[in-house]
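Just so it is clear, none of the values below were taken in a lab; they were calculated from the coordinates. Remember, predicted model here, so these are calculated numbers, not experimental data. As a convention, Cβ positions derive from the backbone with ideal geometry for all residues, glycine included, and neighbour counts pool all protein chains shown.
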Amino acid sequence: MSQYLPKKEDLTREIEERPGPLKGDFAQKEWWEMPFEFREGNFCFPAKPEVIEQLGFPNPRKWMPTDEDWKLPDGWEKILLDGMKERLKKYRSIKLYLDTCVRCGACVDKCHFFLGTGDPKNMPVLRAELVRSIYRNDLPMFKRVLRGFAGARPLTVGVLKELYMYFYQCTECRRCSVFCPMGIDTAEITIMMRELLQLVGVNNNWILAPVANCNRTGNHLGIEPHTFVQNIESLVDDIEDVTGVTVEPTFNRKGAEILFITPSGDVFGDPGVYTMMGYMLLFHHIGLDYTISTYASEGGNFGFFTSNDMMKKLNAKMYHEAQRLGVKWILGGECGHMWRVVHQYMNTMNGPADFLDEPVSPVTGTKFSNAKATRMVHIAEFTADLIHHNKLKLDPKRNDHLRTTFHDSCNVARGMGMFEEPRYILDKVCNSFHEMDENTIREQTFCCGSGSGINAEEYMEMRMKGGFPRANAVRKVREKHKVDSLVTICAIDRATLTPLMRYWNPGVSVYGLHELVGNALVMEGESKRTEDLREEPLKGFEDDEEDDEA
Amino acid sequence: MKKVVMPLVIVAVLALIPYIGVEYAGLDYLFGVIMPYTAALVLLAGMLWRMIDWLRRPVPFNITSTCGQEQSLDWIRQDRIESPSKPWHAAVRVLSEVLLFRSLFRNNKAELRKGPDLVYGSHKWLWLAGLVFHWSLLLIVVRHARFFLATLPAPVAWIEHADSFLDVTVPALYMTDAIVLAAVSYLVIRRLLDAKVRIISLQTDFFPLFLITAIVLAGISMRYLTKVDIMSVKALGTGLAEFSLDAPGEIGALFYVHLFLVCSLMIYFPFSKLVHMGGIFISPTRTMLNNSRAKRHVNPWNAPVKFRTYAEYEDEYREKMKKAGIPVEKE
């Protein structure tokens with residue numbers, strides 16, 4: 001267990017016993033008088049100087065949030081306030097969302113970080129008020145009047161530290177924006193604040209190191225092309241061990257019909273690799289003419305958590321590579337924030353993608369008209385269409401060893417609106433699927449607690465708190481329906497829900513949707529399947545037993 | 001509780017100003033004619049300026065909050081309101097926010113119990129109080145057309161009629177008067193008794209609630225208790241509606257308190273959170289269509305960004321790529 005993680009009993013006691021507004025305890029202070037403290041476990045390490053230098057970002061230096069002096073550049077207040085003014089001019093959303101909040105309180109108990117920490121400054125409205133208080137202070141003529149009346153305050157080092165703390169306790173999940181009668185999206189404010197804090201060198205290594213890697217090698221983990229290929233080839237061997245089938249992915253192949261891009265976590269991380277095996281089995285099953293790029297080998301985009309320009313810079317590789325390879329369209333793997341970027345930003349930033357064709361499924365002939373401009377299709381849309389047209393030979397009994405529930409990933413849910421496709425697929429590839437409580441799924445889904453680039457080891461304590469509402473909902477569906485498998489369509493989820501489940505709900509494993517598809521696929525020429533892709537025994541398919549007659 | 005007392009004091013002072021001004025200084029003209037014109041001008045110009053100020057800022061990205069199934073495969077049912085793909089879908093979405101407070105209707109309440117266990121209960125009170133509060137205010141404002149127009153338009157007469165159908169007092173009780181007081185009380189009490197909402201509340205949240213309460217109380221007492229000269233009020237109102245500059249007749253000071261508080265609200269409006277009245281119509285997460293993959297959204301300030309090209313990448317890794325059998329552009 002991580003040194004940054006308290007014992008479960010201690011954290012349980014803390015959650016149950018600490019007083020706070022969630023339990024109806026009245027605060028004796030105004031929120032701006034409430035102290036906060038950086039201590040081990042509640043901050044991510046700042047970016048290393050060499051990473052900052054590699055990216056050409058300002059103020060590279062060694063520092064820690066626990067230091068008294070953060071070594072801010074001269075005139076940092078002006079940098080931040082000018083930066084804010086500039087962004088207020090560039091984004092209607094931010095201006096509007098700073099101006100129109102009525103503090104009605106609909107959002108107060110909707111944030112997973114508030115529910116997990118009980119800290120009032122994690123109420124979405126107060127998170128935004130941290131910024132609004134400075135924003136209001138910037139109207140000189142009303143300054144004195146406004147301070148007390150409208151909650152304005154000057155930007156001090158203390159306020160800057162507070163911004164750093166609380167804008168990394170927001171995962172840009174947008175759950176609050178669902179409930180807001182004004183449609184205020186805290187993610188917009190968080191995105192701006194993180195971008196501003198970068199300007200004075202107040203940052204996060206867990207985000208910026210992958211950004212630097214991704215820029216240079218094409219993926220977050222900094223994997224060079226030959227290693228990338230080797231890893232996928234070892235997955236090919238694993239597939240052969242389990243199924244007896246040899247799948248044949250190709251790399252950087254010109255003239256392929258489809259470029260497939262998925263988060264690099266699927267290539268390197270456990271349990272993501274099993275999802276990758278599922279994709280490759282699927283593509284082999286339908287004889288898809290596809291290729292994988294080592295250059296655009298990252299679906300995820302930590303630039304999204306850094307700055308608008310960085311997001312665009314990293315994302316540009318997708319179209320650049322698709323054009324070079326001369327593919328017809330792009331197919332994207334399971335990922336959350338990748339899909340927010342692809343769905344809502346990519347074509348605007350790096351389009352138009354005239355050099356691609358409007359996507360058509362080569363197997364079913366279905367035109368993906370909802371992706372006709374961006375020309376990138378989500379794997380769940382693609383697979384749901386295949387299943388709907390009876391193009392896959394599936395045996396859902398091969399997932400009978402799993403009792404599943406489905407976790408909607410924030411970005412796919414609230415930043416894309418994909419709810420039915422993954423459920424349809426899940427329903428077809430396994431026999432046991434139970435939903436969690438209605439207030440915790442679909443558009444009301446809870447974040448894994450570690451999204452938006454805060455899944456750092458040193459942040460474990462906060463992650464377990466932020467993920468508590470999700471874990472709590474899983475615990476309940478587990479008690480009710482003996483669920484032991486949490487299925488998701490997000491690479492970050494696969495990486496972060498695993499420790500979350502280990503901590504709060506031991507015995508629940510995390511699966512990618514296409515891993516289950518891979519388990520269920522009846523491949524041509526396969527050997528007798530007795531194990532799933534994790535090489536765990538299949539129920540009812542054991543070696544020495546006669547097959548159950550259905 | 002400074003944040004409650006201060007706004008109360010401000011409202012009390014605001015109420016005293018016209019009372020003293022009219023009773024002791026004879027400033028009827030200032031409070032009866034100059035103030036209403038000024039306030040109307042500030043409200044209109046202010047809100048217009050706020051709207052223009054918002055609208056001239058670009059919306060660089062499509063940031064729809066998708067609260068329902070996107071339009072995708074033909075056989076999957078799209079949630080056309082929560083994930084709009086056509087302008088009329090979004091129009092219904094925004095109007096249902098404006099007229100019915102659709103998102104607020106989703107509201108639930110999280111409770112932390114022993115275990116620890118989080119449970120979510122339905123909690124529609126804020127929606128209900130908010131909705132009747134706003135609708136009552138709107139109807140009350142519409143009803144006031146009686147004081148500004150020589151002949152009353154039929155719809156206003158219907159509203160008056162419907163609003164007073166209970167007919168339990170003399171003159172007949174307007175339901176909206178009672179409802180708005182009940183709703184505003186709930187909204188104030190909630191800000192005090194709900195620990196979460198108390199923390200987030202600022203002076204500027206209590207102030208408009210108190211101000212509106214004072215306006216309503218002054219209005220109610222003029223109608224049901226302390227009568228003022230209604231003919232003079234109507235003469236002043238119709239005069240104002242016709243941009244007349246005539247001095248008002250003899251009206252009780254209470255009327256000027258009512259009027260001045262209304263003027264204060266109008267002036268306060270464009271500089272406060274009350275601008276949400278305009279903002280709700282243009283909130284990008286609700287107004288935009290979830291069609292960003294089907295139709296390219298254009299960002300007016302989209303500037304080119306230098307990225308690492310494939311050629312640069314291959315230059316660094318060419319030998320390794322060749323060894324691994326990965327095709328390269330240059331041998």
Practice item. List the number of the failed condition for B:GLN78; all other conditions in (1) buried (at least 20 other Cβ atoms within 10 Å of the Cβ); (2) of a type outside the set (Val, Ile, Thr); (3) under 27 Å from the mean Cα position of the chain (by Cα); (4) not in a helix (DSSP H, G or I) hold. Key: (3)
Check your understanding: When you look at A:THR227, is it farther than 28 Å from A:GLY449 by Cα, within 12 Å of chain B (Cβ to nearest Cβ), without any contact (Cβ under 8 Å) to a residue 12 or more places away in the chain and hydroxyl-bearing (Ser, Thr, Tyr), yes or no?
Key -> yes
Review point. With respect to the numbered conditions (1) under 16 Å from B:LEU43 (Cα atoms); (2) buried (at least 20 other Cβ atoms within 10 Å of the Cβ); (3) touching a Ser or Thr at 6+ places or on another chain (Cβ under 7 Å), which one is the sole condition not fulfilled by B:HIS276?
Key: (2)
Point to revise | Candidate set from the stretch B:81-113 (those that are part of a helix (DSSP H, G or I) and over 21 Å from the mean Cα position of the chain (by Cα)); member that is surrounded by the most Cβ atoms within 10 Å (Cβ to Cβ) | key: B:HIS89
**Study point:** Long-range neighbours under 6 Å by Cβ, at least six apart or interchain, first residue more than 7 Å from every other protein chain (Cβ to nearest Cβ) and crowded, with 18+ Cβ neighbours inside 10 Å within the stretch B:288-311, second assigned to a loop (DSSP other than H, G, I, E, B) and among the β-branched types (Val, Ile, Thr)
**Key:** B:MET288/B:THR64
Exercise for review: Kindly check whether there is at least one residue in the stretch A:203-220 that is under 30 Å from B:SER283 (Cα atoms) and part of a loop (DSSP other than H, G, I, E, B).
Suggested key: yes
Review point. Which residue pairs have Cβ atoms under 8 Å apart, sit 6 or more places apart or on different chains, and have a first residue in the stretch A:1-17 that is closer than 15 Å to B:LYS114 by Cβ and in contact (Cβ under 8 Å) with a residue 12 or more places away in the chain and a second that is outside any helix (DSSP H, G or I) and of a type in the set (Gly, Ala, Ser)?
Key: A:ILE15/A:GLY118
Exercise for review: Kindly indicate whether any position in the stretch A:318-329 is surrounded by 24 or more Cβ atoms within 10 Å (Cβ to Cβ), within 22 Å of A:PHE268 (Cβ to Cβ) and of a type in the set (D, E, K, R).
Suggested key: yes
Practice item. Please work out which residue is surrounded by the fewest Cβ atoms within 10 Å (Cβ to Cβ), limiting yourself to the stretch A:390-420 and to residues that are assigned to a loop (DSSP other than H, G, I, E, B) and either of a type in the set (A, V, I, L, M) or within 10 Å of chain B (Cβ to nearest Cβ) (or both). Key: A:LEU392
Exercise for review: Examine the stretch A:29-47 for a residue that is touching a Lys or Arg at 6+ places or on another chain (Cβ under 9 Å), aromatic (Phe, Trp, Tyr) and under 25 Å from A:ASP309 (Cβ atoms), and state whether such a residue exists.
Suggested key: no
Exercise for review: Considering only residues that are assigned to a helix (DSSP H, G or I) and facing chain A (nearest Cβ under 9 Å), look in the stretch B:41-75 and name the one that is farthest from B:LEU274 (Cα to Cα).
Suggested key: B:LEU55
**Study point:** In the stretch B:259-284, residue nearest to B:MET35 (Cα to Cα) [restricted to those that are small (Gly, Ala, Ser) and not in a loop (DSSP other than H, G, I, E, B)]
**Key:** B:SER264
Practice item. Tell me, yes or no, whether the stretch B:114-122 has at least one residue that is more than 9 Å from chain A (Cβ to nearest Cβ) and part of a helix (DSSP H, G or I). Key: no
Review point. Would it be correct to say that A:ASN204 is touching a Cys at 6+ places or on another chain (Cβ under 7 Å) and crowded, with 21+ Cβ neighbours inside 10 Å?
Key: yes
Check your understanding: Is at least one residue of the stretch A:395-413 at positive phi, within 21 Å of the chain's Cα centre (by Cα) and of a type outside the set (D, E, K, R)?
Key -> no
Check your understanding: Condition test on A:LEU259, is it among the aliphatic types (A, V, I, L, M) and within 13 Å of A:GLY333 (Cβ to Cβ)?
Key -> yes
Review point. Does the stretch B:236-253 contain any residue that is crowded, with 17+ Cβ neighbours inside 10 Å and polar (S, T, N, Q)?
Key: no
Revision key, fill the gap. Only one of A:LEU288, A:LEU314 is on the phi < 0 side of the Ramachandran plot, assigned to a helix (DSSP H, G or I) and either out of contact with any helix residue (DSSP H, G or I) (no Cβ under 6 Å at 6 or more places or on another chain) or facing chain B (nearest Cβ under 10 Å) (or both), namely A:LEU314
Exercise for review: Identify all residues within the stretch A:246-274 that are under 16 Å from A:HIS220 (Cβ atoms) and buried (at least 23 other Cβ atoms within 10 Å of the Cβ); write none if there are none.
Suggested key: A:ILE261, A:THR262, A:PRO263, A:SER264, A:GLY265, A:ASP266, A:VAL267, A:GLY272, A:VAL273
Review point. Among helices (runs of 4 or more DSSP H) lying entirely in the stretch A:68-182, which contain 1 or more residues that are within 9 Å of chain B (Cβ to nearest Cβ)?
Key: A:76-90, A:92-99, A:112-117, A:124-137, A:143-146, A:175-179
Check your understanding: So how many residues does the stretch B:162-177 have that are under 28 Å from B:ALA40 (Cβ atoms) and exposed (fewer than 14 other Cβ atoms within 10 Å of the Cβ)?
Key -> 2
Review point. Restricting to helices (runs of 4 or more DSSP H) lying wholly in the stretch B:138-229: which have 3 or more residues that are away from chain A (no Cβ under 13 Å)?
Key: B:154-163, B:175-193, B:203-220
Practice item. Confirm whether B:LYS273 is out of contact with any Phe, Trp or Tyr (no Cβ under 7 Å at 6 or more places or on another chain) and either over 22 Å from A:MET311 (Cβ atoms) or at the interface with another protein chain (Cβ under 7 Å from one of its Cβ atoms) (or both). Key: yes
Review point. Which of the residues that make up the stretch A:225-279 are among the β-branched types (Val, Ile, Thr) and in a loop (DSSP other than H, G, I, E, B)?
Key: A:VAL245, A:THR246, A:VAL247, A:THR250, A:THR262
Check your understanding: Just checking, how many residues over the stretch A:340-364 are under 18 Å from A:GLN323 (Cβ atoms) and either part of a loop (DSSP other than H, G, I, E, B) or without any contact (Cβ under 8 Å) to a residue 12 or more places away in the chain (or both)?
Key -> 10
Review point. Among the candidates A:ARG423, A:ARG375, which residue alone is within 24 Å of the chain's Cα centre (by Cα), within 13 Å of chain B (Cβ to nearest Cβ), more than 19 Å from A:GLU298 (Cβ to Cβ) and among the basic types (Lys, Arg)?
Key: A:ARG423
Practice item. Hey, could you check the stretch A:24-50 for residues that are in contact with a helix residue (DSSP H, G or I) (Cβ under 8 Å, 6 or more places away or on another chain) and not in a loop (DSSP other than H, G, I, E, B) and say which is farthest from the other protein chains (Cβ to nearest Cβ)? Key: A:TRP32
Review point. When residues of the stretch A:1-23 are filtered for being under 26 Å from the mean Cα position of the chain (by Cα), in a helix (DSSP H, G or I) and exposed (fewer than 15 other Cβ atoms within 10 Å of the Cβ), how many remain?
Key: 1
